[in-house]
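Here the structure is laid out as structure tokens; the discussion comes afterwards.
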Amino acid sequence: MLDIKFIRENVDKVRENIANKNESADLNVIINADLKRREIIQEVEALKNKRNVVTNEIATLKKNKENADDKIAQMKEVSDRIKELDDDLRKVVEEQSNYLGRIPNMVHLSVPIGKSADDNLEVRVWGEKKDKIAENHLEITKKLGIIDFERGAKVAGAGFAYYVGKGAALERALINYMLDYHINNHGYTEMMTPLIVTPQTMYGTGQLPKMVDDMYFCEKDNMYLIPTAEVPITNFHAQETLKVEDLTMKYCGYTPCFRREAGSYGKDSRGFLRVHQFNKVELVKFSKPDNSYDELELLVNDVEKILQSLNITYRVLLLCSGDTSFSSAKTYDLEVWSPAEDKWLEASSCSNFEDFQARRAQIKFKRTPNDKPEFVHTLNGSGLATSRLMVAIIENYYQDGKIVVPEALRKYTGFDIIG
């Protein structure tokens, strides 16, 4: 979340940023609550100071064997008033905190201002786009019997699939390959995480309250299925003060991801283009504020290396303000080329959240043992989500009724051809 002091001192900038991010949070509620909070604190401090003075006067009266009943009665009124104000303060702070959770992160100065994906900037393209092909990934995988969307829908509803035989082996190979690549070549530490988390954990990374309708909720247990490994990995260090010498810390982890896609009605939902459960290798960094934007560029590069090693054509986009997520200060999307769809498909987002998530999750560090703790900067990126990457692999490597397995994956699959 944003620091209330920052909001107080930059009301116009924060209000403009809310509009630039296509959000609708009401700043007036927060500003009024903050004013009320400070008024209560000032009154409480004045009353406590008065209580201290009068308490000393009572002690002097008693010492001199004089009557102190009036002052004692007066102090009871003061104490009762302090209790009332403390109760009011708790309510105001809770109200302010609830509304603070709905204020989006400020975008970085390098982020272009825009309203939609049409205003994103293409940074670079790698590889050459393959000409349009007649069969898409649904038709190819059905013909080869390696992914079954129809039975997935029968069992779990639309947006779910079975990986079958060599399709399952290819998916598993892709996950293991990406994990090994990031661990061995980029220095990430692997994690296996919980798949169900508390509301506070979801709040820590910014999914709540903004994205509540997009999450799968286990009402009986008050728990959420994770939409990405970003949530449990980032919260691994919640409520902690990290050692400065350990920064930058780099973690990676594979998890299935669960998303209701509540806001996606009307969008293309065929096959892997939009699913409710998918697999993803996530990359998470904890960085000093000084070099977090250098770390963002390195993060994007780590993802690009995977795509290059698989010889998949992709492009890198810098997202505009209106397409940058609620919690992010700056985001790059990596999109892979789909010959059948004849368009780019998002396969990864890499973001710097600055101290937005760390402030929510209370993740800090000290520059020296005597320094005041500061909030770290958190970053994450999909390294990568397999669903749309699988589309690109299937369609780009489809030849003469067979899928040629990318060379980098063959030692993981144990076979070269699916057909």
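Give the angle, between 0 and 90 degrees and rounded to the nearest 10, that separates the Cα long axis of helix 292-309 from the longest principal axis of the Cα atoms of the chain.
20 degrees
Taking the radius of gyration and the Kirkwood hydrodynamic radius from Cα positions alone, what is the Rg/Rh ratio for the chain, to two decimal places?
My calculation of the ratio gives 1.12.
Ignoring ligands and nucleic acids, what accessible area does R151 show with a 1.4 Å probe (Å², nearest 10)?
For R151, solvent-accessible area is about 130 Å².
Just to check I understand the Karplus step: with θ = phi - 60° and J = 6.51 cos²θ - 1.76 cosθ + 1.60, what whole-Hz values come out for region 137-148, glycine and proline as x?
Whole-Hz 3J(HN,Hα) from phi for region 137-148: 5, 5, 5, 5, 5, 5, 4, 8, x, 10, 9, 10.
Could you run the Karplus curve 6.51 cos²θ - 1.76 cosθ + 1.60 with θ = phi - 60° over region 318-335 and give me ³J(HN,Hα) per residue in whole Hz, x for Gly and Pro?
3J(HN,Hα) across region 318-335, in whole Hz: 8, 6, 6, 4, x, 10, 7, 5, 3, 8, 7, 8, 7, 9, 10, 9, 10, 10.
Magnitude of the Cβ-charge dipole of the chain, K/R +1 and D/E -1, about the Cα centre, nearest 20 debye?
Working: 58 positive and 65 negative charges, 147 e Å.
With Lys and Arg at +1 and Asp and Glu at -1, about 700 debye.
Could you work out [θ]222 nm for the chain from helices alone, using -39500 (n - 2.57) per DSSP H run of at least four and dividing by all its residues? Round to the nearest 500 deg cm²/dmol.
-13000 deg cm²/dmol
Per residue, what accessible area does region 81-175 have, given a 1.4 Å probe and all protein chains present, in Å²?
Per residue, region 81-175 has an accessible area of 61 Å².
Pick from S328, S116, S292: which residue has the top mean-square fluctuation in a GNM of the chain where Cα pairs under 10 Å get a spring?
S116
At 0.36 nm per residue, minus the direct Cα-Cα distance, what do L121 and D214 gain on full extension? Give it in nm, one decimal, please. It would help to have the intermediate numbers written out before the result.
On the way: separation 93, 0.36 × 93 = 33.48 nm, distance 2.70 nm.
The span from L121 to D214 would gain 30.8 nm if fully extended.
Hey, what's the Cα Rg ratio for region 295-379 versus the globular rule of thumb, 2.2 N^0.38 Å?
Rg over 2.2 N^0.38 Å, computed on Cα atoms: 1.39.
With only alpha-carbon atoms counted, please give the Rg and Dmax of region 15-130, in Å.
27.0, 99
Based on the alpha-carbon set only, what is the convex hull volume of region 208-263 divided per residue, in Å³? Mind dumping the intermediate values first?
Working: hull volume 6.4 nm³, N = 56.
So the per-residue hull volume is 115 Å³.
Tell me, what is the percent relative contact order of the chain, built from C-alpha pairs under 8 Å that lie six or more residues apart?
Value for the chain: 20 percent.
Please give the length that would be gained between D3 and N64 if that part of the chain were fully extended, namely 0.36 nm times their separation in residues minus their C-alpha to C-alpha distance (nm, one decimal).
16.8 nm
Nearest 0.05, what FRET efficiency do E135 and I183 give at R0 = 45 Å with Cβ-Cβ as r?
E(calc), rounded to 0.05, equals 0.80.
Leaving ligands, DNA and RNA out of it, work out the accessible area of D290 with a 1.4 Å probe and give it in Å² to the nearest 10.
Approximately 110 Å² of D290 is accessible to the 1.4 Å probe.
Looking at the chain as a GNM with Cα springs under 10 Å, which of K210, K83, K280 has the largest mean-square fluctuation?
K83
In debye to the nearest 20, how big a dipole does region 172-315 give about its Cα centre with +1 on each Lys and Arg Cβ and -1 on each Asp and Glu Cβ? Write out the running numbers ahead of the final one.
Details: 15 positive and 19 negative charges, 111 e Å.
Around 540 debye, computed over region 172-315.
Quick one: which of K280/K411; K130/K166; K83/K364 span more than 22 angstrom between C-alpha atoms?
Beyond 22 Å between Cα atoms: K130/K166; K83/K364.
Kindly express, to the nearest 10 degrees and within the range 0 to 90, the angle between helix 386-396's C-alpha long axis and the longest C-alpha principal axis of the chain.
With both axes taken from Cα atoms, the answer is about 20 degrees.
For F6, F356, write out the residues from largest to smallest accessible area, computed with a 1.4 angstrom probe and no ligands counted.
Ranking F6, F356 by accessible area, largest first, yields F6, F356.
On a 1.4 Å probe surface of the protein chains, which of M223, M75 comes out largest in accessible area, and what is the full order?
M223, M75
Could you sort S327, S97 by accessible area so the largest value comes first, with the probe set to 1.4 Å? Mind dumping the intermediate values first?
Numbers: S327 10, S97 50 Å².
These residues rank, largest area first, as S97, S327.
With viscosity set to 1.002 mPa s and temperature to 20 °C, compute the Stokes-Einstein D of region 202-308, Rh being the Kirkwood radius across alpha carbon pairs; µm²/s, no decimals.
It comes out at roughly 134 µm²/s.
Quickly work out the Y162-to-N32 label distance, labels modelled 7 Å from Cα along the C-beta direction, and quote it in nm with one decimal.
Result for the modelled spin labels: 5.7 nm.
Of T248, W344, V391, which is farthest towards the positive pole of the chain's charge dipole, taken about the Cα centre with +1 and -1 on the beta-carbons of Lys, Arg and Asp, Glu respectively?
So the residue furthest toward the plus end is T248.
Measure off 7 Å from each Cα along the Cα-to-Cβ vector at L109 and Q239, then give the distance between these two points in nanometres to one decimal.
Once both label points are built, they end up 3.8 nm from each other.
Can you give the convex hull volume of the alpha carbon atoms of region 137-269 per residue, in Å³?
In region 137-269, the Cα convex hull volume per residue is 149 Å³.
Accessible area of the chain with a 1.4 Å probe: how many percent of it is carbon plus sulfur?
Accessible surface attributable to carbon and sulfur in the chain totals 48 percent.
The values are calculated or read from the model by the stated rules, or taken from the named source; none is laboratory data. Quantities reported herein were computed from a predicted structural model and do not represent experimental measurements. Note: ideal-geometry Cβ built from the backbone for every residue, glycine included; neighbour counts use all protein chains shown. Each accessible area value is taken on the protein alone, full model and side chains, heavy atoms only, with ligands, DNA and RNA left out. Shrake-Rupley method; radii C 1.70, N 1.55, O 1.52, S 1.80 Å.
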